[in-house]
1. Exactly one of these conditions fails for residue 94: (1) within 13 Å of the chain's Cα centre (by Cα); (2) in a loop (DSSP other than H, G, I, E, B). Give me its number.
2. Return yes or no: is residue 97 over 21 Å from residue 41 (Cα atoms) and basic (Lys, Arg)?
3. Regarding residue 79, is this residue closer than 17 Å to residue 15 by Cβ, among the hydrophobic types (A, V, I, L, M, F, W, C) and touching a Leu at 6+ places or on another chain (Cβ under 6 Å)?
4. Of all residues in segment 103-138, which are outside any loop (DSSP other than H, G, I, E, B) and farther than 16 Å from residue 38 by Cα?
5. Among the residues of segment 106-132, what is the count of those that are without any contact (Cβ under 8 Å) to a residue 60 or more places away in the chain, farther than 19 Å from residue 55 by Cβ and in contact with a strand residue (DSSP E or B) (Cβ under 8 Å, 6 or more places away or on another chain)?
6. For residues that are under 18 Å from residue 23 (Cβ atoms), in contact (Cβ under 8 Å) with a residue 60 or more places away in the chain and hydrophobic (A, V, I, L, M, F, W, C), tally how many sit in segment 54-82.
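Values quoted throughout were computed directly from the atomic coordinates according to the rules given, and no laboratory measurement underlies them. None of the values given here were measured: they were computed from a predicted structure. Heads up, the Cβs are rebuilt from the backbone with ideal geometry, glycines too, and the neighbour counts pull from every protein chain shown.
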Amino acid sequence: MTLDLEQLRDFARRYTAAWCSQDPSNVADFFSPDGSLTINDGTPSVGRTAITEAARSFMTAFPDLQVLMDDILKHEDRARYHWTLVGTNTGPGGSGKSVRLSGFEEWQIGADGLIAKSQGHFDSADYNRQLGTNESLR
């Protein structure tokens, strides 16, 4: 499905709000039932249940999680959603350190108007530096 830029902006604004809701199923609702989310070339989370758990891992690690939409761009049959994550790692086993990290997701929109495939990217070395750890969320 092809979305025009204004439809895409509205979709991205609502997706951003879902990430800020502290309800990971709200994020999964933006994906096709068999959609996938891959973060930094990790193992894909396929289907809404797996995507819910991937979102939950960030929301648990950062109880004050805020995601800011930086931009949304169209690239042929794909969209690129640029974001900034802001939060304090005070979840279970957290470092207590604040993080401000930018990245993007490249989306393929399915026939149902939802995300069929999302490939997310962020600088994991910068993420680890801000957390003061060698571990990363995937």
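1. Looking at each condition in turn, residue 94 falls short on (1).
2. When the stated conditions are applied, residue 97 passes them.
3. Against the criterion (closer than 17 Å to residue 15 by Cβ, among the hydrophobic types (A, V, I, L, M, F, W, C) and touching a Leu at 6+ places or on another chain (Cβ under 6 Å)), residue 79 qualifies.
4. The answer is 125, 126, 127, 128, 129, 130, 131.
5. The total comes to 3.
6. The total comes to 2.
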